[in-house]
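A quick write-up on the structure given underneath.
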Amino acid sequence: MEFQEVVRRRRMIRNFAERPVDQAAVERVLENAIRAPSAGFSQGWAFLLLDRPADVARFWAAATPPGQGTDTWSAGMRRAPVIIVPLSCKDAYLDRYAEPDKGWTDRDEARWPVPYWHIDTGMAALLMLLTATDEGLGACFFGIPPEQVPAFRTSFGVPDDHTPIGAIALGHRAADRPSPSLRRGRRPVAEVVHRGRW
Ligand SMILES: Cc1cc2nc3c(=O)[nH]c(=O)nc-3n(C[C@H](O)[C@H](O)[C@H](O)COP(=O)(O)O)c2cc1C
(Lines give C-alpha, C1' and ligand atoms only; values in the text may rest on other atoms or scores of the structure.)
Protein backbone atom coordinates (compact mmCIF):
# COMPACT_ATOMS: atom_id res chain seq x y z
CA MET A 1 0.00 0.00 0.00
CA GLU A 2 1.24 3.47 -0.78
CA PHE A 3 2.48 5.33 2.32
CA GLN A 4 -0.07 8.16 2.21
CA GLU A 5 -2.81 5.57 1.82
CA VAL A 6 -1.59 3.73 4.95
CA VAL A 7 -1.61 6.95 6.96
CA ARG A 8 -5.04 7.91 5.68
CA ARG A 9 -6.59 4.50 6.25
CA ARG A 10 -5.21 3.93 9.73
CA ARG A 11 -8.11 4.23 12.13
CA MET A 12 -8.74 2.62 15.49
CA ILE A 13 -10.89 -0.45 14.86
CA ARG A 14 -13.01 -1.65 17.78
CA ASN A 15 -14.88 -4.57 16.27
CA PHE A 16 -13.12 -7.66 15.00
CA ALA A 17 -14.07 -10.77 13.06
CA GLU A 18 -13.68 -14.11 14.81
CA ARG A 19 -10.89 -15.14 12.48
CA PRO A 20 -7.22 -15.82 13.15
CA VAL A 21 -4.58 -13.58 11.61
CA ASP A 22 -1.69 -14.75 9.50
CA GLN A 23 1.33 -15.39 11.72
CA ALA A 24 3.61 -13.71 9.16
CA ALA A 25 1.59 -10.48 9.43
CA VAL A 26 1.94 -10.48 13.22
CA GLU A 27 5.68 -11.04 12.90
CA ARG A 28 5.94 -8.12 10.46
CA VAL A 29 4.07 -5.90 12.91
CA LEU A 30 6.62 -6.81 15.60
CA GLU A 31 9.63 -6.51 13.26
CA ASN A 32 8.53 -2.99 12.34
CA ALA A 33 8.07 -2.01 16.00
CA ILE A 34 11.80 -2.32 16.57
CA ARG A 35 12.47 0.05 13.65
CA ALA A 36 11.12 2.89 15.80
CA PRO A 37 13.53 5.66 16.79
CA SER A 38 14.69 5.76 20.40
CA ALA A 39 16.65 8.29 22.44
CA GLY A 40 20.31 7.28 22.56
CA PHE A 41 19.16 4.16 20.70
CA SER A 42 18.20 2.96 24.18
CA GLN A 43 15.41 0.74 22.82
CA GLY A 44 13.96 0.48 26.30
CA TRP A 45 10.85 -1.25 25.15
CA ALA A 46 9.34 -4.73 25.26
CA PHE A 47 6.28 -6.23 23.62
CA LEU A 48 4.08 -8.86 25.20
CA LEU A 49 2.50 -10.89 22.39
CA LEU A 50 -0.71 -12.73 23.26
CA ASP A 51 -1.94 -14.78 20.32
CA ARG A 52 -3.49 -17.83 21.94
CA PRO A 53 -7.17 -17.66 22.91
CA ALA A 54 -6.46 -18.58 26.55
CA ASP A 55 -3.83 -15.83 26.87
CA VAL A 56 -6.07 -13.25 25.24
CA ALA A 57 -8.90 -14.22 27.61
CA ARG A 58 -6.50 -13.91 30.55
CA PHE A 59 -5.54 -10.43 29.32
CA TRP A 60 -9.15 -9.23 29.31
CA ALA A 61 -9.81 -10.77 32.71
CA ALA A 62 -6.80 -9.00 34.21
CA ALA A 63 -6.83 -5.71 32.33
CA THR A 64 -10.47 -4.69 32.60
CA PRO A 65 -12.53 -3.89 35.69
CA PRO A 66 -14.80 -6.67 36.97
CA GLY A 67 -18.18 -6.57 35.27
CA GLN A 68 -16.92 -5.07 32.03
CA GLY A 69 -17.24 -7.25 28.97
CA THR A 70 -20.78 -7.14 27.69
CA ASP A 71 -20.86 -3.57 26.37
CA THR A 72 -20.42 -3.03 22.62
CA TRP A 73 -16.84 -1.79 22.96
CA SER A 74 -15.72 -4.78 24.98
CA ALA A 75 -17.63 -7.35 22.94
CA GLY A 76 -16.09 -6.12 19.69
CA MET A 77 -12.58 -5.72 21.07
CA ARG A 78 -12.56 -9.10 22.79
CA ARG A 79 -12.97 -10.83 19.44
CA ALA A 80 -9.51 -9.64 18.35
CA PRO A 81 -7.35 -12.78 18.17
CA VAL A 82 -4.13 -10.94 19.03
CA ILE A 83 -3.18 -8.50 21.77
CA ILE A 84 0.21 -6.81 21.84
CA VAL A 85 1.13 -4.92 24.99
CA PRO A 86 3.97 -2.41 24.45
CA LEU A 87 5.93 -1.81 27.66
CA SER A 88 8.46 0.91 28.40
CA CYS A 89 11.50 0.57 30.64
CA LYS A 90 12.70 3.77 32.29
CA ASP A 91 15.77 2.08 33.75
CA ALA A 92 17.05 1.23 30.28
CA TYR A 93 17.19 5.00 29.57
CA LEU A 94 18.74 5.94 32.91
CA ASP A 95 21.38 3.23 32.33
CA ARG A 96 22.03 4.23 28.72
CA TYR A 97 22.40 7.93 29.55
CA ALA A 98 24.80 7.12 32.40
CA GLU A 99 27.21 5.70 29.77
CA PRO A 100 30.37 7.76 29.02
CA ASP A 101 29.10 9.34 25.76
CA LYS A 102 26.05 10.76 27.56
CA GLY A 103 27.45 11.17 31.07
CA TRP A 104 24.29 11.55 33.16
CA THR A 105 25.83 9.39 35.85
CA ASP A 106 23.59 10.82 38.59
CA ARG A 107 20.62 9.17 36.82
CA ASP A 108 18.60 12.24 37.83
CA GLU A 109 15.14 12.03 36.27
CA ALA A 110 14.88 15.85 36.32
CA ARG A 111 17.29 15.85 33.37
CA TRP A 112 14.64 14.37 31.10
CA PRO A 113 12.53 17.02 29.34
CA VAL A 114 9.75 14.44 28.93
CA PRO A 115 9.71 10.68 29.61
CA TYR A 116 11.50 9.45 26.49
CA TRP A 117 10.82 5.83 27.52
CA HIS A 118 7.10 6.33 26.99
CA ILE A 119 7.63 8.40 23.84
CA ASP A 120 9.81 5.80 22.14
CA THR A 121 7.45 2.97 23.03
CA GLY A 122 4.58 5.07 21.69
CA MET A 123 6.47 5.53 18.43
CA ALA A 124 6.88 1.76 18.21
CA ALA A 125 3.14 1.41 18.85
CA LEU A 126 2.34 3.74 15.96
CA LEU A 127 4.58 1.73 13.64
CA MET A 128 2.64 -1.38 14.66
CA LEU A 129 -0.69 0.34 13.94
CA LEU A 130 0.55 1.47 10.52
CA THR A 131 1.91 -1.98 9.70
CA ALA A 132 -1.42 -3.54 10.66
CA THR A 133 -3.13 -1.19 8.19
CA ASP A 134 -0.60 -2.03 5.51
CA GLU A 135 -1.35 -5.73 6.11
CA GLY A 136 -5.05 -5.03 5.58
CA LEU A 137 -5.76 -5.70 9.27
CA GLY A 138 -7.53 -3.65 11.90
CA ALA A 139 -5.98 -2.51 15.18
CA CYS A 140 -6.84 -0.38 18.18
CA PHE A 141 -4.55 1.13 20.80
CA PHE A 142 -6.31 1.42 24.13
CA GLY A 143 -5.46 2.13 27.72
CA ILE A 144 -5.14 -0.29 30.62
CA PRO A 145 -6.77 1.30 33.70
CA PRO A 146 -4.10 2.00 36.35
CA GLU A 147 -5.97 -0.04 38.96
CA GLN A 148 -5.77 -3.08 36.65
CA VAL A 149 -2.02 -2.90 36.07
CA PRO A 150 -1.07 -4.95 39.18
CA ALA A 151 -3.39 -7.78 38.08
CA PHE A 152 -2.01 -7.55 34.55
CA ARG A 153 1.56 -7.79 35.88
CA THR A 154 0.75 -10.79 38.03
CA SER A 155 -1.11 -12.62 35.26
CA PHE A 156 1.78 -12.40 32.83
CA GLY A 157 4.82 -12.20 35.13
CA VAL A 158 5.71 -8.68 33.98
CA PRO A 159 8.69 -7.27 35.90
CA ASP A 160 8.27 -4.09 37.96
CA ASP A 161 10.70 -2.10 35.82
CA HIS A 162 8.45 -2.42 32.76
CA THR A 163 5.32 -0.28 32.40
CA PRO A 164 2.53 -1.12 29.96
CA ILE A 165 1.79 2.07 28.01
CA GLY A 166 -1.49 0.59 26.75
CA ALA A 167 -2.42 -2.37 24.59
CA ILE A 168 -3.05 -3.03 20.92
CA ALA A 169 -5.86 -5.27 19.73
CA LEU A 170 -5.12 -6.74 16.31
CA GLY A 171 -7.27 -8.73 13.92
CA HIS A 172 -9.47 -8.69 10.88
CA ARG A 173 -11.81 -5.75 11.00
CA ALA A 174 -15.57 -6.24 11.26
CA ALA A 175 -18.26 -3.61 10.74
CA ASP A 176 -17.31 -0.84 13.15
CA ARG A 177 -19.16 2.01 14.76
CA PRO A 178 -16.94 5.08 14.75
CA SER A 179 -15.94 6.43 18.16
CA PRO A 180 -18.14 9.31 19.41
CA SER A 181 -14.84 11.14 19.99
CA LEU A 182 -14.56 11.59 16.23
CA ARG A 183 -17.45 14.07 16.36
CA ARG A 184 -14.90 16.50 17.71
CA GLY A 185 -13.52 16.69 14.18
CA ARG A 186 -9.87 16.81 13.19
CA ARG A 187 -8.17 20.04 14.18
CA PRO A 188 -6.92 21.63 10.96
CA VAL A 189 -3.27 22.28 10.20
CA ALA A 190 -3.89 26.05 10.30
CA GLU A 191 -5.03 25.74 13.93
CA VAL A 192 -2.25 23.53 15.26
CA VAL A 193 0.77 24.74 13.31
CA HIS A 194 2.42 27.99 14.44
CA ARG A 195 4.63 29.24 11.69
CA GLY A 196 7.62 31.32 12.61
CA ARG A 197 6.27 32.17 16.08
CA TRP A 198 3.32 31.28 18.30
C1 LIG B 1 -2.78 7.14 23.92
C2 LIG B 1 -4.11 6.70 23.35
C3 LIG B 1 -5.02 6.08 24.16
C4 LIG B 1 -6.25 5.66 23.63
N5 LIG B 1 -7.11 4.98 24.44
C6 LIG B 1 -8.22 4.46 23.89
C7 LIG B 1 -9.08 3.62 24.68
O8 LIG B 1 -8.80 3.36 25.86
N9 LIG B 1 -10.18 3.12 24.10
C10 LIG B 1 -10.48 3.36 22.78
O11 LIG B 1 -11.48 2.85 22.31
N12 LIG B 1 -9.70 4.15 22.01
C13 LIG B 1 -8.58 4.68 22.53
N14 LIG B 1 -7.74 5.46 21.74
C15 LIG B 1 -8.11 5.74 20.34
C16 LIG B 1 -8.60 7.17 20.13
O17 LIG B 1 -9.90 7.32 20.61
C18 LIG B 1 -8.54 7.47 18.63
O19 LIG B 1 -7.20 7.40 18.20
C20 LIG B 1 -9.12 8.84 18.27
O21 LIG B 1 -10.49 8.90 18.55
C22 LIG B 1 -8.92 9.18 16.79
O23 LIG B 1 -9.47 8.16 15.99
P24 LIG B 1 -8.60 7.37 14.91
O25 LIG B 1 -7.37 6.85 15.60
O26 LIG B 1 -9.50 6.26 14.43
O27 LIG B 1 -8.22 8.33 13.81
C28 LIG B 1 -6.54 5.88 22.26
C29 LIG B 1 -5.58 6.52 21.45
C30 LIG B 1 -4.37 6.90 21.97
C31 LIG B 1 -3.35 7.54 21.05
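The values are calculated or read from the model by the stated rules, or taken from the named source; none is laboratory data. Here the structure is a predicted model, which is why all the values come from computation and not from measurement. Here the Cβ is made from the backbone with ideal geometry for all residues, glycine too, and neighbour counts use every protein chain on show.
Quick look at the values:
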item: Residue that is farthest from Gly138 (Cα to Cα), among those in the stretch 1-59 that are within 16 Å of the ligand (Cβ to nearest atom), part of a helix (DSSP H, G or I) and hydrophobic (A, V, I, L, M, F, W, C); result: Phe59
item: Checking Ile168 against (1) outside any strand (DSSP E or B); (2) under 22 Å from Glu31 (Cβ atoms); (3) among the hydrophobic types (A, V, I, L, M, F, W, C), the condition it does not meet; result: (1)
item: Some residue of the stretch 32-39 being touching a Phe, Trp or Tyr at 6+ places or on another chain (Cβ under 8 Å), free of Cβ contacts under 8 Å to residues at least 60 places away in the same chain and surrounded by 12 or more Cβ atoms within 10 Å (Cβ to Cβ); result: no
item: Number of positions in the stretch 158-198 that are among the hydrophobic types (A, V, I, L, M, F, W, C) and away from the ligand (no atom under 12 Å from the Cβ); result: 9
item: Hey, Ala62 more than 16 Å from the ligand (Cβ to nearest atom), more than 25 Å from Trp112 (Cβ to Cβ) and modelled with pLDDT of 95 or more or not; result: no
item: Looking only at the stretch 144-165, and only at residues there that are touching a Pro at 6+ places or on another chain (Cβ under 9 Å) and assigned to a loop (DSSP other than H, G, I, E, B), the one that is farthest from Ala62 (Cα to Cα); result: Ile165
item: Test set (1) more than 16 Å from the ligand (Cβ to nearest atom); (2) of a type in the set (Gly, Ala, Ser); (3) part of a helix (DSSP H, G or I) - Gly67 fails condition number; result: (3)
item: Residue within the stretch 76-87 that is over 24 Å from Arg10 (Cβ atoms) and more than 16 Å from the ligand (Cβ to nearest atom) present; result: no
